[in-house]
Amino acid sequence: MSNPVDAKAPGGGGDAAEVEKAPAHAHVDHSADLDEKAKIAEYKAGAIEAENAELNMGVLEAVRLYPMATFWAFVMSSTIIMESYCVFLMGAFVAMDQFKKEYGVVDKYGERQIESSWQSALQASGPLGAIIGVCIAGPITSRIGYRWATILGLMLLNAFIFVFYFAKSLPIMFLSQILEGVPWGIFIANAPAYCSEIVPIKLRAPATQMLQMFWAIGAIIVGGVCYVYEGRLDPTAYRIPIALQWMFPTPLAILLFIAPESPWWLVRKGRLEEAAVAVRRLGRASVLTNPDESVAMMRRTIELEKTEEEPSYLELFRGTDTYRTLIVCGVYAAQNLTGNLIANQAVYFFRQAGIDSNTAFALGLITSALQTVFVMLSWILTTYLGRRTIYVWGSLINVCFLVALGIAGSVGKSNAASLAQASLGLIVSVGFTLGPAPASWVIIGETSAIRLRPLTTGIGRGAYYVVNIPCIFLATYMLNSTGVDLGGRCGYVWGATGFVCFLAAWIWLPEMKGRSYREIDILFKRRVPARKWKSTVVDINDDE
C-alpha cells in the first residue's frame, strides 16, 4: 500500500511526474509563441510589401495589372443608370407636352402644367423609397455581401417597373416611384463601396467616379428616348420610355452573379481563402505582389478596427467614426446644394427659361453628353491634383456661375436673357460634373472605416435624400409658373447654399489622395486636422 505522504514528498513519484511534465509543457508553450511571432512577422511583412507595391504603382501600370478589377467596377457602377434614368425621366415627363396634356392643369398663362405640388411629389417619391433602400442596404450587405445584395435589388426593380408602366394616375405613379426607390438605395449604397474596395489605390478615383459618368449616361439615354418620343400625341410618348427601364436589371444581375465578391468583405468575414481567390480573379497576382500578400494587407488594416461587436448604425457615431460619418453625410448632402438640382431638371429649366420644347430636349441631351465627357476629364484632375483640391475649388467656381445665373434672371424677360439663362444653366450642370460631383464619389468611397463601410455609405446616401426631398420641392416651387416662377433667379438661392458647402469643405475635408486605407485609419485616429493631412507622413510600419 502506497504512502500518500511519500507520493507528495520531494523526490516522490507524483512530484517527479510533475517535474518531468513542467519543463516539457513550458518548452511547448515557448515554441508555440515563437511560431506565432514568426507567423505575425511574416504576415506583416507581406502586408507591407503589398501596400508598398500599390503605393508605388503608376495609374497606367495599375490598369494593366488589374484589368478585371476595372471591369467589375465598371459593371457595378452601371447599376446607377437605373436611378439616373428614372430621376431624369420624371424631370423630362413634367416638360413633355403629352404628359402635361393628360395630367396637367391650366396655369396663369393659359398653358398646361403639372401642378407644382404633384411635380415635386413625383420627383421626391423615388428618394423617399431610396431612404428605405439605403437603410436596409447596410445590414443586408454586411450579412450577405455586395453581390447578392445588389442582385436582390435588381430583381426587385424588375418587379416594381410593372407598377410604373401600368399606372393610370399620378398617385399610382407616385407609389411606383417609392417602390423603385428601394432598390435604388441598395445600388447607390453598395456601388461606391464595392468599387473602392476591389481596385488598387491609384485606381480608386476613376473607379468610383465612374458612378457619376453612369449617372450622366442614364441622363443621355433619357434625353435621347424622350427626344424621339416627345412629339407623339398618345400615351406611348411616355409609356415607351418607362418600358425601356427593363433593359438594365436582368443583364446586370447575370454579370454580378459571376463577379467576384469584394475581398475586403471576405476578409472581414474571416474567409481568407475565398478572399485570395477573389484577389486572383481581380488580376492582383503580379511580380509586385501576390494574393496572399494582398490578403495580409487587408487583414492588417481590418485588425486596426477590430472589435467583437457586429457593425451597427450606433457605432457610426462613436469616437473618430463620427467625424468620418459626418464627412460622408456632408459630401452627399451637399450634392443637392451646389447646382445638382439644376442638372437634374435641365430640360424643365430650359423650358421655363423660354426655350421651345424640341430645343429644350436637345439642350438636355447635349448637357448630358458634355457631363459624360467632363466626368472623364475629372478622372485625370482628381487622380493627379487630389480630391480636396477639386472638390473645394470646384464648388467655389460653381457658386460664381450660380450667382451669374441669378443676375441673368434678374434683367427682365427678353430673348437675350433667356439664352443667357439657358447657357449658364448648361454651364452649371456641366461644371458640377467636372468638380464637386465626381470628387464626392471618391471621398465617399475612401472616408469610411472598412468594417463600417456598407453602413456608412448607406446612411450617407440617406442624408442625401433627406436634404434632396425638401430641395426638390423648393426647386420646383422656384421654377414652376404655378409657384413663384423665379427662373434664373434661383441661382441666388443655390449660390448661397453652395457657398456654405464650400466653406465647410475647406475647413473639414481632408486630402486622401495616394493614401492606403491603413494610413487613412491612422490619420483619423490621430485626429490630424484636415488641412494638414497632405503634409503628414505615416510610417509604413505604424499600426496606430
Electrostatic dipole magnitude of the chain [Cβ: Lys, Arg +1; Asp, Glu -1; Cα centre; debye, to 20]: 1620
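What's the extension gain from Ile258 to Leu377 if we count 0.36 nm per residue and subtract their Cα-Cα distance?
Gain in length upon complete extension: 39.8 nm.
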Would you list the membrane-span-like helices of the chain, meaning whole DSSP H runs whose alpha-carbon atoms span at least 30 Å along their axis and whose mean Kyte-Doolittle value is at least 0.0? 116-144, 170-198, 204-229, 357-385, 387-408, 453-479
Within a Cβ distance under 9 Å of Phe524, other residues only, what is the Lys/Arg minus Asp/Glu net charge? +2
Modelling each spin label as a point 7 Å along the Cα-to-Cβ direction, I'd like the Ile172/Asp97 distance in nm, to one decimal. 2.7
Take Leu503 and Ile144, extend 7 Å from each Cα along the Cα→Cβ direction, and tell me the distance between the two endpoints in nm. 4.6
Difference of contour (0.36 nm per residue) and Cα-Cα distance, Lys269 to Met68: 70.1 nm
So what is the diffusion coefficient of the stretch 333-465 in µm² per second by Stokes-Einstein at 4 °C and 1.567 mPa s, using a Kirkwood Rh over Cα pairs? 82
Reported to two decimal places, what Rg/Rh ratio describes the chain when computed on Cα atoms with Rh from the Kirkwood expression? 1.11
XL table Lys100/Lys413; Lys269/Lys513; Lys101/Lys168; Lys513/Lys534; Lys202/Lys269; Cα-Cα > 20 Å flagged, in table order, is Lys100/Lys413; Lys269/Lys513; Lys202/Lys269
Length gained, Asn158-Ala45, 0.36 nm per residue minus C-alpha separation, equals 35.9 nm
At 25 °C and a viscosity of 0.890 mPa s, what translational diffusion coefficient does Stokes-Einstein give for the stretch 438-542, taking Rh as the Kirkwood radius over Cα pairs? Give it in µm²/s as a whole number. 148
Give the average over all directions of the projected area of the C-alpha convex hull of the stretch 173-263, one decimal, in nm². 7.2
Whole-Å distance linking the alpha carbon centroid of the stretch 73-131 with that of the stretch 363-399 is 25
Per residue value of the accessible surface for the chain (all protein chains in place, 1.4 Å probe), Å²: 40
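Can you give the helix-only mean residue ellipticity at 222 nm for the chain, where every DSSP H stretch with n ≥ 4 adds -39500 (n - 2.57) and the sum goes over all residues, rounded to the nearest 500 deg cm²/dmol? Don't skip to the answer; put the middle values down first.
Working: 25 runs with 402 residues, N = 544.
The helix-only estimate for the chain comes to -24500 deg cm²/dmol at 222 nm.
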Listed peptides 194-200, 451-457, 50-56 by packing density, highest first (mean Cβ within 10 Å): 194-200, 451-457, 50-56
Once all protein chains are kept in place, Lys269 shows an accessible area at probe 1.4 Å, nearest 10 Å², of 90
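The values are calculated or read from the model by the stated rules, or taken from the named source; none is laboratory data. The structure displayed is predicted, hence computed values, not measured ones. We place every Cβ from the backbone using ideal geometry, glycine too, and count neighbours over all the protein chains shown. Heavy atoms of the whole protein, side chains included, go into the accessibility calculation; ligands, DNA and RNA do not. Shrake-Rupley method; radii C 1.70, N 1.55, O 1.52, S 1.80 Å.
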